[in-house]
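K.L.:
Here it is, the structure, as structure tokens.
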Amino acid sequence: MWWGVGAALLANVLYSVGFVLEKQALGALPALSTREPVRVIRALMTSPLWIAGSLSLASGFVAQLIVYRALPIAAAQGIFVSGLVLLLLLSTAVLDEQPSGRERYALGIVLVALLMIVASVRTGEELGGEARGSLVLLVCLPALTLGVLLYGQVERRARRRHRMPTNGIGYGVALGLLYGVSSLAIKGASGRLTGRSVNEAARALLGSPYPYLLMFTAGAGLVMSQAALQKCRASLIVPVCTTVTCLFTTVAGTLTFGERLPDNPLLLTLRVAGMALALSVLLAMPRHDTPPPRTDVATPARATHRR
């Protein structure tokens, strides 16, 4: 169990560093659009800093694969969410992003809520078994569809003139659904790689929906996340994305892979209350950044005209 916790903490560091490096790199790149995915990928490949960030994220992915072989989904997600503290520190120190007081309070409450979920995990809790491919697709395909549709809706609204600038909440929710599906696919893939020879593991993996879900979420998530990160603050969009990913993975993964809910009423209350609190805070967060104050340049012009 403890080596799984260590791998989860390492994944936190790798993910946080990766997101910050990518955000830094995106500031020097031309405007990215999901309507031109090939152009987005070509632009990203020209940035050594972005490549370094993506390698850090890929290393976090490998660490996450190890985590799901050692910890229940709820415990793993809770530890991953604790990495938001490091992300907020790095985004403030390196990116000079300053979240508002309301956002800091909201993210603090979300962190407490998700740590409640971790506290609800029993020592020695079972990891669950392998899920049926049809059940995984029944859960994942609607989530993917909803995530893509929501992202497109936010994009269309952001392109309208005279709208307040979006702060990334909608982007974060959409990406959270995609990465939630990715987390389920990682969990499923890790189960197919356990207790088999290399050939057997390869056949079992390719015969499941997991590698294909991972390929889709990796490709779509790459283009969508980079376009969103370029427009919005990493200190807000990543925590929202992480919260949605955690909630989706914990709920859907527990049911899909047969990981039992706590029998103890107190632990069950902690888990359900933590999910409800995180979701309610997420829904209450503002959807737009406050625009900068406008300076009135018309008055001096009128005064000159009168003279």
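K.L.:
Give me D for region 162-257 in µm² s⁻¹, whole number, from Stokes-Einstein with Rh from the Kirkwood sum over alpha-carbon pairs, 10 °C and 1.306 mPa s.
P.N.:
Using the Kirkwood radius from Cα pairs, D works out to 109 µm²/s.
K.L.:
For region 2-286, what is the per residue volume of the convex hull drawn over the alpha-carbon atoms, in cubic angstrom?
P.N.:
129 Å³
K.L.:
Let me ask another. Any chance you could run the full-extension gain for Ala58 through Leu255? It's 0.36 nm times the residue separation minus the Cα-Cα distance, nm to one decimal.
P.N.:
Answer, rounded to one decimal: 68.2 nm.
K.L.:
Further, regarding this structure: Fewest first, what order do Thr256, Thr250, Thr92 take by the number of other Cβ atoms within 10 Å?
P.N.:
In order of increasing Cβ crowding within 10 Å: Thr92, Thr256, Thr250.
K.L.:
Taking the simple approach of a point 7 Å from Cα along Cα-to-Cβ for both Gln153 and Leu95, what is their distance in nm?
P.N.:
In this crude spin-label approximation the distance works out to 2.5 nm.
K.L.:
Neighbouring Cβ atoms within 10 Å as the yardstick, rank Phe19, Phe216 fewest first.
P.N.:
Ranking Phe19, Phe216 by Cβ neighbours within 10 Å, fewest first, gives Phe216, Phe19.
K.L.:
A follow-up question, please. For the pair Ser197/Asn264, report the inter-label distance in nm, with labels modelled 7 Å from Cα in the Cβ direction.
P.N.:
Roughly 4.4 nm, to one decimal.
K.L.:
Stretched out fully, how many nm does the piece from Arg39 to Ala273 gain, at 0.36 nm a residue minus the Cα gap?
P.N.:
79.8 nm
K.L.:
Could you state the principal axis extents of the C-alpha atoms in region 232-276, from the largest down, to the nearest angstrom?
P.N.:
41, 22, 10
A short reminder: the numbers here are calculations on the coordinates, not readings from a lab. Keep in mind that this is a model prediction, so the values were computed, not measured. Don't worry about glycine lacking a Cβ; one is built from the backbone with ideal geometry, like all the others, and counts go over all protein chains shown.
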